[in-house]
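Okay, structure first, notes after.
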């Protein structure tokens, strides 16, 4: 059982029904089926449960995540391999607000019609106006790219496709993003087929990760340790993959500056050379995010910004511009002190903040070429 708090099953919606009514209805009708994922497949300490079902439409999703104020280049698409929070239990996952009662954050909906996704990728690569700058993510905003690779095999099937000059004439990149340590699956991809795959990792100092990532019932972390993830990043690097890191959300509890300085040195000791460092501070689409986490029975974050300190700015509620600029400046200073030529950029940030950060003027963020 992976649910931290069983009380979520009796939490009520506004209509007086159990919070889980929609999810339960899909399972009871046979529309979704439950499946246990063992530790030897997920790489986690304990089994986790997912739902399986086919996805019929929009196998490749496209959204522009920016607006007139917020920079997010409309150059990337996402293979919709799953739906809802990925099952690692992160307590500030934006997907809880996106799906609300329609997805259980501890039981990910993982689509099982894998061959249809491959055919969708084939068609995507052959679109007449496809450009080399366009990228395809593997569940970047909808799942975890490698947590379920042992079941689905998406990356192992897609890598040869993206490596083929005939199938991929514009040489578009396949972008992964993971909190897992499952890069051992990538060793099964032929060396010649690895160049068009980018392997990026969602990382923070362990102290910061512990503030908001998922925990088992006994309070121990669900995702692999940051140390294990860095070992996995080094392994991917040694296999010849381009590796990147997304440090997001940056949180600022007491001692945060030293934590980020230590984290950068930890990356150096691990022997990892991330091509891009993409930074983001804590942000919400609206003020209901953490209340939905609470309704689903997830523990409160160990540290979070005061609600009074969050202001609407572009597409999200953030800390003030002044505070975000100060945070980015500090973390960038620590990165550049160790990796002097590091390419640092910001995720879903406003043009005003980006202009205040000279290093962030180019579109070198995680999802792009």
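Consider segment 173-184 and keep the residues that are without any contact (Cβ under 8 Å) to a residue 60 or more places away in the chain and closer than 18 Å to residue 136 by Cβ. The one that is surrounded by the most Cβ atoms within 10 Å (Cβ to Cβ) is 178.
Residues in segment 184-223 that are in a helix (DSSP H, G or I) and farther than 21 Å from residue 279 by Cα: 184, 185, 186, 187, 188, 191, 192, 193. Restricting the first member to segment 247-263 and to residues that are within 16 Å of residue 282 (Cα to Cα), and the second to residues that are in a helix (DSSP H, G or I) and at pLDDT 95 or above, the beta-carbon pairs closer than 6 Å and six or more apart or on different chains are 250/327; 251/208; 251/211; 257/330; 260/331; 260/334. Is segment 65-80 home to any residue that is in contact (Cβ under 8 Å) with a residue 24 or more places away in the chain, touching a strand residue (DSSP E or B) at 6+ places or on another chain (Cβ under 7 Å), surrounded by 20 or more Cβ atoms within 10 Å (Cβ to Cβ) and assigned to a loop (DSSP other than H, G, I, E, B)? Yes, segment 65-80 has at least one match. Evaluated against (1) out of contact with any helix residue (DSSP H, G or I) (no Cβ under 7 Å at 6 or more places or on another chain); (2) at pLDDT 95 or above, residue 74 falls short on exactly one condition, (2).
Residue count for segment 37-47 under the criterion of being part of a helix (DSSP H, G or I) and surrounded by 14 or more Cβ atoms within 10 Å (Cβ to Cβ): the result is 2. For segment 17-36, state whether one or more residues are modelled with pLDDT of 95 or more, surrounded by 13 or more Cβ atoms within 10 Å (Cβ to Cβ), in a strand (DSSP E or B) and in contact with a helix residue (DSSP H, G or I) (Cβ under 6 Å, 6 or more places away or on another chain). Among the residues of segment 17-36, not one is modelled with pLDDT of 95 or more, surrounded by 13 or more Cβ atoms within 10 Å (Cβ to Cβ), in a strand (DSSP E or B) and in contact with a helix residue (DSSP H, G or I) (Cβ under 6 Å, 6 or more places away or on another chain), which makes the answer no.
Taking residue 234 and the conditions (1) in contact with a strand residue (DSSP E or B) (Cβ under 9 Å, 6 or more places away or on another chain); (2) surrounded by 18 or more Cβ atoms within 10 Å (Cβ to Cβ); (3) assigned to a helix (DSSP H, G or I), which numbered condition does it fall short on, given that it satisfies the others? Unmet condition: (2). Between 352, 278, 330, the distinction of being within 25 Å of residue 222 (Cα to Cα) and in contact (Cβ under 8 Å) with a residue 60 or more places away in the chain belongs to 278 only. Of the residues 38, 128, only one is free of Cβ contacts under 8 Å to residues at least 12 places away in the same chain, more than 19 Å from the chain's Cα centre (by Cα) and closer than 21 Å to residue 217 by Cα; which? Sole residue among the options that is free of Cβ contacts under 8 Å to residues at least 12 places away in the same chain, more than 19 Å from the chain's Cα centre (by Cα) and closer than 21 Å to residue 217 by Cα: 38. Scanning segment 323-343 for residues that are in contact with a helix residue (DSSP H, G or I) (Cβ under 7 Å, 6 or more places away or on another chain) and modelled with pLDDT under 95 yields one hit, 342.
With respect to the conditions (1) under 20 Å from the mean Cα position of the chain (by Cα); (2) modelled with pLDDT of 95 or more; (3) at negative phi, residue 89 falls short on a single one, namely (3). Total residues in segment 104-141 satisfying the condition of being over 15 Å from residue 200 (Cβ atoms) and part of a loop (DSSP other than H, G, I, E, B): the figure is 14. Out of 202, 220, which single residue is modelled with pLDDT of 95 or more, out of contact with any helix residue (DSSP H, G or I) (no Cβ under 7 Å at 6 or more places or on another chain) and buried (at least 20 other Cβ atoms within 10 Å of the Cβ)? Testing whether each residue is modelled with pLDDT of 95 or more, out of contact with any helix residue (DSSP H, G or I) (no Cβ under 7 Å at 6 or more places or on another chain) and buried (at least 20 other Cβ atoms within 10 Å of the Cβ) leaves just 202.
The values are calculated or read from the model by the stated rules, or taken from the named source; none is laboratory data. Since we're looking at a predicted model, the values are computed, not measured. Here Cβ is always computed from backbone atoms with ideal geometry, including for glycine, and neighbour counts include all displayed protein chains.
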